[in-house]
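Just below is one structure, and these are the notes that go with it.
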């Protein structure tokens, strides 16, 4: 059943109403997670991170082998939210107009009319995005950052909420076009679903034995509910010391000798927003250092460009991030003596 419409978040900084709003967000997120888990088995962490991305207006890159459930996850989230959903199957012959839309001449009306492309959906799945040419990949840049599309000099806003969920196969590289740094930086998080264990895979066989549960999946929240939840997430408190910690981590990534290109200011902002969203999903109205540390690999992992020498020595972005987390001091709450 569709969940009841959420109230608007409190405008006043009242502690009681703030905690009530956070509790409402957590309850709504649990309903959505449970609904998605009817289709996606054993991936609660991935679902939580997807919801965190949604709460802070971000976009998601899922990098994994075929058959893991990347497309199913996108469809399940879109249906659970009652959002419009479109899918783009990226291929080398895909054109920017296939994503954005075209102006065509209508002979009946005698005028040009705009036919919107799939980007005018609330949840857009760009499947195997690295198979599209750089020209087509760049067609998503404005849409992802500014939530708008400019075509023939006319700027058109995209629907709200708006989520781009892109997938790519990290194994098969023939016939692909690696995403440039500017494109990667538009994605708030990069996730990997990973293979299910034996017990989870057996549950998948049982669940999909007769019918696909995705066909009967009903929305539990509306798109309007999500906009309210996004506003609630922005009220989560982040201490000044934690903001300094976020900045220090990103700056350390730029100064690391093995890194040619570190995290951008967009990465700092993304880590800050995602930490507040994660705290809200876990029922808190304040951010903990553990929230930041947990999210760093997902926010910075795809943004670090290693030098050629460090790659030859076998260095990885994951190992460097682990090193940064050990090097940068974690803020500690000061207590009065």
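The values are calculated or read from the model by the stated rules, or taken from the named source; none is laboratory data. Quick caveat, the model's predicted, so the values are computed rather than measured. Glycine gets a Cβ as well: all are built from the backbone with ideal geometry, and neighbour counts include every protein chain shown.
Go through the range 306-337 and report how many residues are more than 23 Å from residue 46 (Cα to Cα), at pLDDT 90 or above and not in a loop (DSSP other than H, G, I, E, B).
4
Determine whether the range 110-122 contains at least one residue that is farther than 25 Å from residue 53 by Cβ, in the same structural domain as residue 62 (by TED's automatic domain parsing) and not in a strand (DSSP E or B). Full working, then the answer.
Taking the range 110-122 and keeping what is farther than 25 Å from residue 53 by Cβ, we get 110-115.
Filter once more, keeping what is in the same structural domain as residue 62 (by TED's automatic domain parsing): 110-115.
Add one more test, that the residue is not in a strand (DSSP E or B), and what stays is 110.
Yes: one or more hits.
Among the residues of the range 41-69, write down those that are free of Cβ contacts under 8 Å to residues at least 40 places away in the same chain and touching a helix residue (DSSP H, G or I) at 6+ places or on another chain (Cβ under 9 Å).
The first filter runs over the range 41-69 and keeps only residues free of Cβ contacts under 8 Å to residues at least 40 places away in the same chain, leaving 44-45, 47, 67.
Within the range 41-69, 44, 47 meet the criteria.
Tally the residues that are part of a loop (DSSP other than H, G, I, E, B) and over 30 Å from residue 174 (Cβ atoms), restricting the search to the range 86-109. It would help to see each step written out before you state the result.
If we filter the range 86-109 for residues that are part of a loop (DSSP other than H, G, I, E, B), which is where we start, we get 90-95, 107-109.
Going one step further and asking which of them are over 30 Å from residue 174 (Cβ atoms), we end up with 107-109.
Selection size over the range 86-109: 3.
Inside the range 123-164, can you point out the residues that are assigned to a loop (DSSP other than H, G, I, E, B) and either surrounded by 14 or more Cβ atoms within 10 Å (Cβ to Cβ) or touching a helix residue (DSSP H, G or I) at 6+ places or on another chain (Cβ under 8 Å) (or both)? Lay out the reasoning, then the answer.
Here is the first cut: in the range 123-164, the residues assigned to a loop (DSSP other than H, G, I, E, B) are 128, 132-133, 139-140, 147, 152-153, 158-162.
Within the range 123-164, 128, 132, 133, 139, 140, 147, 158, 159, 160, 161, 162 meet the criteria.
Working carefully through the options 176, 167, find the one that is part of a loop (DSSP other than H, G, I, E, B) and surrounded by 14 or more Cβ atoms within 10 Å (Cβ to Cβ). Walk me through it before giving the result.
Working: 167 fails: part of a loop (DSSP other than H, G, I, E, B).
Exactly one of 176, 167 is part of a loop (DSSP other than H, G, I, E, B) and surrounded by 14 or more Cβ atoms within 10 Å (Cβ to Cβ), namely 176.
Inspect the range 224-245 for any residue being within 30 Å of residue 308 (Cα to Cα), surrounded by 14 or more Cβ atoms within 10 Å (Cβ to Cβ), at pLDDT 90 or above and over 17 Å from the mean Cα position of the chain (by Cα) and give the result as yes or no. Before you say what the answer is, go through the steps one by one.
Taking the range 224-245 as the starting set, the residues that turn out to be within 30 Å of residue 308 (Cα to Cα) are 245.
Then keep just the ones that are surrounded by 14 or more Cβ atoms within 10 Å (Cβ to Cβ); that gives 245.
Add one more test, that the residue is at pLDDT 90 or above, and what stays is 245.
Restricting the remaining residues to those that are over 17 Å from the mean Cα position of the chain (by Cα) gives 245.
Within the range 224-245, one or more residues are within 30 Å of residue 308 (Cα to Cα), surrounded by 14 or more Cβ atoms within 10 Å (Cβ to Cβ), at pLDDT 90 or above and over 17 Å from the mean Cα position of the chain (by Cα).
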